[in-house]
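The values are calculated or read from the model by the stated rules, or taken from the named source; none is laboratory data. Only a predicted model underlies this, so the values are computations on that prediction, with no experimental measurement involved. Please note: Cβ atoms are built from the backbone with ideal geometry, for glycine as well, and neighbour counts cover all protein chains shown.
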Number of protein chains: 2
Amino acid sequence: MAESSSSGSSGAESIAIAARRAFEESQLVDPAERNVALRAIHKILNERREEVLEANQKDMEAASALVDQGKLSSTLVSRLDLSRAGKYESMLQGVMDVAALPAPTGLVTFAKELGPGLELHRVTCPIGVLLVIFEARPEVVVNIAALAIKSGNAAILKGGKESIHTSTLLSNLIAQALSSTSIPPTFIQSVSTRSQISSLLAQDKYIDLVMPRGGNELVKSIQNSTRIPVMGHADGICAVYLDESADEQTAIRVTVESKIDYMAACNSAETLLVHESILSSVWPKVAVALMEKNVALRCDPSSLDALQHIQLAAVNCTASTPSDYTTEFLGPTLAVKTVPSTAAAIQHINAHSSHHTDSIVTQSEASMSTWCRGLDSANCFINASTRFADGTRYGLGTEVGISTGKTHARGPVGLDGLVIYKYMMRSTVAGGSLISDHEKGGRGYTHTDISREKPMF
Amino acid sequence: MAESSSSGSSGAESIAIAARRAFEESQLVDPAERNVALRAIHKILNERREEVLEANQKDMEAASALVDQGKLSSTLVSRLDLSRAGKYESMLQGVMDVAALPAPTGLVTFAKELGPGLELHRVTCPIGVLLVIFEARPEVVVNIAALAIKSGNAAILKGGKESIHTSTLLSNLIAQALSSTSIPPTFIQSVSTRSQISSLLAQDKYIDLVMPRGGNELVKSIQNSTRIPVMGHADGICAVYLDESADEQTAIRVTVESKIDYMAACNSAETLLVHESILSSVWPKVAVALMEKNVALRCDPSSLDALQHIQLAAVNCTASTPSDYTTEFLGPTLAVKTVPSTAAAIQHINAHSSHHTDSIVTQSEASMSTWCRGLDSANCFINASTRFADGTRYGLGTEVGISTGKTHARGPVGLDGLVIYKYMMRSTVAGGSLISDHEKGGRGYTHTDISREKPMF
């Protein structure tokens, strides 16, 4: 690869080439060294805490000034803040938690003897070089670096520009920690400008996967401008559906938590579908519970009608418009629609949602089965809050994000979403193995399953 | 989805919407019906053989005329021909072979109890709607249709324009067969013009995966023009590497078969790397064996020098140029290069190959281990012909193609490369399950592994 790295290369190309080379070198390093690297990162971040918090203070001041000018939301400033109680410790602990997880690579997922002395293994391995684009929170640099190292992938990181001082320093400290280990220091690199991103998106020769974590617009714009595969973490337009046989208490509990527990989360509900047969029974109770929590309801004519006798509804309910059913409100608003059947609810969701997480409240086994089979969503829930859609809650150990794509990894993505596999085949037959030994009158194939306990190499 | 299918939709959009609707409807059909559909397709293709062969005759005549005008290669004409002995039977048999395979969907790959009465299953399911673009061979229509149906994916197919009469008829017969089953007839559709492809590539709302089977240029141009994920089946620039300790017979056998067994195949060798220490021992024997099979060698200075004393070399060996090492010759030419070590061989391959299939000939365990870990190729072979890289030879049951990508599926792709998964979660707790029941002072998570024998629905 050396020939491509001439001094004439653009900055982005040099970064991509360095990442590729770091990845390739790291493949010959004992995977146990990845945990050594994680411990080194933990140590340096612990020792240099004051310095990091000073850099973070600079970002915070710049951001506060922008808030004063009305150019930035104050929510963003609170996300930037690494000095909040417990935040730094939890970032440090995250590194050790990732170290403690089982390695996702080196697992044999398929193993066959093709014939005597000829064995085939399919072994999980890193994807290669990742380009990860994420939001303002600076601790994500550390989190993603830890996941990349654990899974054996080199990574190029681009955080939000508001956290530039913090994330540049964190990234430098990570490189410094790596330089004391067998993992190359360029295994984790970070870039800070948007123009570098567009040049990096052209480096499909060196970068294997782009992971944008952000809204639909970010994901689409990246998909539009690269040949590199994209694992998007986009909007969550999630729904709760109250079926004909919905239990009242379950309906209230699941709908209220799915809506209000953490309204900015992608797994919060934005749409409520109500079976027409419960418009005058369960629905008003659910509506009141929501309105008491200050949720504004945007209702279709039937669900609006059903609330006419309720005083609260006069201020909290309005008629919905079609765009309400495709909006990620991320706040105290819920779009409500009446449907005649579970099949109709599924049809609505498949056409309007982001295929993220949807929950049915029902006591009917038939509806549950139709729901789980017919719904084209990553997470199909029954009588449970949409807020469960999360790698940690699922017991995946950690979470890279929640993929809204339908290939490679879908839904909450754990470390196993950062690996692919390669086939290794070894012949111990004298003179080696040819297909002509097995085909065209040769001895045929045995195709016997063999032990998958450990990879041949 | 009905609202999108207005009469003003473009042709491509209507096709994509019809495919999506067929996919969604099919999700509620018993998966056993997929085999009923395959048997119906087998039956109709068997009954209407004469008609298909007549259509094929038309394509053959048109193609022969183009060959006469020098506008088409005669190889292509022979690939078009369905009337060759055994070809039609083997196409029919292929459908029944796919029917006999185990279903790749409905498998539980992860199952946990999150707490008493709250169970989570990760269950394999179809990806959705596939757009498959392939070469001239008309039987591929039937092959891909069978794989799509078996895996539960709706498909839109675009074959080579030279096979238009045959593939249109095959596609109509498939739709006719489906209309007698519970699978919607629009589950498999085919399009015939290139302009439809570019419109279809914009339908990312309805199409989930594009599978181009063809050269690098086709794959790259598609990756450049769509937001839809692409599973490419591109070039094979495969290498054989003769290590320091290579056994002479193995070196000759593996190199010769990898090169000449089927030169147009993507898993044939295009590059030979030779360790410098065997330039005057093993290499000349291998070179003579290749030249006796009429293979032209394009050699770097050291490997060329080593053949000076060999008469055959005077006509069959020439000096290589840098582009020889990145060329898929698909014919009797082999690029040869001397390397000082296994690590250098790996570096050359990682930088120049298509990451498809590469084989080392060695007796050294250390070299084998370095090879399998350091080589960034889908298929890393030891003392075996590159021609083994194939789904049927691997015992995958069938092959969708050989993916040169590094996400979702890599190397020979069987039916399990056409599926993804969804999470199903069910609460049987009275009042349903909320995260607040488990977190913030709640009862916590048990995260116990549970049976994966069958999906909850």
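Tabulated results
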{"item": "Test: residue in the stretch B:184-205 that is more than 19 Å from the chain's Cα centre (by Cα), within 11 Å of chain A (Cβ to nearest Cβ) and of a type in the set (D, E, K, R)", "result": "yes"}
{"item": "Among (1) at pLDDT 95 or above; (2) of a type in the set (Gly, Ala, Ser); (3) assigned by TED's automatic domain parsing to the domain that holds residue A:244 - the single one residue A:433 does not satisfy", "result": "(3)"}
{"item": "In the stretch A:271-289, the residues that are hydroxyl-bearing (Ser, Thr, Tyr) and touching a residue at least 60 places away in the same chain (Cβ under 8 Å)", "result": "A:271"}
{"item": "Residue list for the stretch A:433-457, restricted to those being part of a strand (DSSP E or B) and more than 8 Å from every other protein chain (Cβ to nearest Cβ)", "result": "A:448, A:449"}
{"item": "Qualifying positions in the stretch A:399-437 - in contact (Cβ under 8 Å) with a residue 60 or more places away in the chain and surrounded by fewer than 19 Cβ atoms within 10 Å (Cβ to Cβ)", "result": "A:416, A:428, A:429"}
{"item": "Residue match in the stretch B:16-34 (condition: exposed (fewer than 12 other Cβ atoms within 10 Å of the Cβ) and either outside any helix (DSSP H, G or I) or of a type in the set (A, V, I, L, M) (or both))", "result": "yes"}
{"item": "Residue count for the stretch A:67-105, restricted to those that are surrounded by fewer than 16 Cβ atoms within 10 Å (Cβ to Cβ) and of a type outside the set (D, E, K, R)", "result": "15"}
{"item": "Meets criteria (surrounded by 16 or more Cβ atoms within 10 Å (Cβ to Cβ) and either of a type outside the set (Ser, Thr, Tyr) or not in a loop (DSSP other than H, G, I, E, B) (or both)) for residue A:314", "result": "no"}
{"item": "Residue among B:28, B:101 that alone is farther than 24 Å from residue B:160 by Cβ and free of Cβ contacts under 8 Å to residues at least 60 places away in the same chain", "result": "B:28"}
{"item": "Any hit, the stretch B:273-281, residues being buried (at least 16 other Cβ atoms within 10 Å of the Cβ) and within 14 Å of chain A (Cβ to nearest Cβ)", "result": "no"}
{"item": "Subset tally (residues that are within 7 Å of chain B (Cβ to nearest Cβ), part of a helix (DSSP H, G or I), under 20 Å from residue B:21 (Cβ atoms) and not small (Gly, Ala, Ser)) for the stretch A:367-383", "result": "3"}
{"item": "The one condition in (1) part of a loop (DSSP other than H, G, I, E, B); (2) within 10 Å of chain B (Cβ to nearest Cβ); (3) modelled with pLDDT under 95 that residue A:408 fails to fulfil", "result": "(3)"}
{"item": "The stretch A:338-351: number of residues that are surrounded by fewer than 18 Cβ atoms within 10 Å (Cβ to Cβ) and more than 13 Å from chain B (Cβ to nearest Cβ)", "result": "1"}
{"item": "Residue match in the stretch B:230-250 (condition: surrounded by 15 or more Cβ atoms within 10 Å (Cβ to Cβ), part of a helix (DSSP H, G or I), touching a strand residue (DSSP E or B) at 6+ places or on another chain (Cβ under 7 Å) and within 11 Å of chain A (Cβ to nearest Cβ))", "result": "yes"}
{"item": "The one condition in (1) surrounded by fewer than 20 Cβ atoms within 10 Å (Cβ to Cβ); (2) within 14 Å of chain B (Cβ to nearest Cβ); (3) closer than 30 Å to residue B:221 by Cα that residue A:260 fails to fulfil", "result": "(3)"}
{"item": "Within the stretch B:411-432, considering residues that are more than 8 Å from chain A (Cβ to nearest Cβ) and among the β-branched types (Val, Ile, Thr), the one nearest to the chain's Cα centre (by Cα)", "result": "B:413"}
{"item": "Test: residue in the stretch B:384-401 that is in a helix (DSSP H, G or I), over 21 Å from the mean Cα position of the chain (by Cα), modelled with pLDDT of 95 or more and within 7 Å of another protein chain (Cβ to nearest Cβ)", "result": "no"}
{"item": "Restricting the stretch B:174-190 to residues that are of a type outside the set (S, T, N, Q) and surrounded by fewer than 22 Cβ atoms within 10 Å (Cβ to Cβ), the residue that is farthest from residue B:30 (Cα to Cα)", "result": "B:175"}
{"item": "Cβ-Cβ under 9 Å pairs, at least 6 apart or on other chains, the stretch B:33-58 side in contact (Cβ under 8 Å) with a residue 12 or more places away in the chain and under 12 Å from residue B:142 (Cβ atoms), far side among the acidic types (Asp, Glu) and buried (at least 19 other Cβ atoms within 10 Å of the Cβ)", "result": "none"}
{"item": "Test for residue A:324: is it within 14 Å of another protein chain (Cβ to nearest Cβ), closer than 23 Å to residue A:379 by Cα and not β-branched (Val, Ile, Thr)", "result": "no"}
{"item": "Filter result (aliphatic (A, V, I, L, M) and outside any loop (DSSP other than H, G, I, E, B)) within the stretch B:182-224", "result": "B:188, B:191, B:197, B:200, B:209, B:210, B:211, B:218, B:219, B:222"}
{"item": "Conditions (1) part of a loop (DSSP other than H, G, I, E, B); (2) in contact with a Cys (Cβ under 7 Å, 6 or more places away or on another chain): number failed by residue B:430", "result": "(2)"}
{"item": "Set A:10, A:64: member being under 30 Å from residue B:345 (Cβ atoms), more than 24 Å from the chain's Cα centre (by Cα) and in contact (Cβ under 8 Å) with a residue 12 or more places away in the chain", "result": "A:10"}
{"item": "Residue match in the stretch B:249-269 (condition: within 30 Å of residue A:403 (Cα to Cα) and among the acidic types (Asp, Glu))", "result": "no"}
{"item": "Filtered residue count, the stretch A:67-76, keeping only those that are in contact (Cβ under 8 Å) with a residue 24 or more places away in the chain, touching a helix residue (DSSP H, G or I) at 6+ places or on another chain (Cβ under 8 Å) and in a helix (DSSP H, G or I)", "result": "1"}
{"item": "Matching option when the condition is more than 7 Å from chain A (Cβ to nearest Cβ) and at pLDDT below 95, among B:364, B:354, B:359", "result": "B:354"}
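Here's the yes/no breakdown for (1) within 13 Å of residue B:187 (Cα to Cα); (2) assigned to a helix (DSSP H, G or I); (3) in contact with a Leu (Cβ under 6 Å, 6 or more places away or on another chain):
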position: B:130; (1), (2), (3): yes, no, yes
position: B:135; (1), (2), (3): no, no, no
position: B:145; (1), (2), (3): yes, yes, no
position: B:157; (1), (2), (3): yes, no, no
position: B:165; (1), (2), (3): no, yes, no
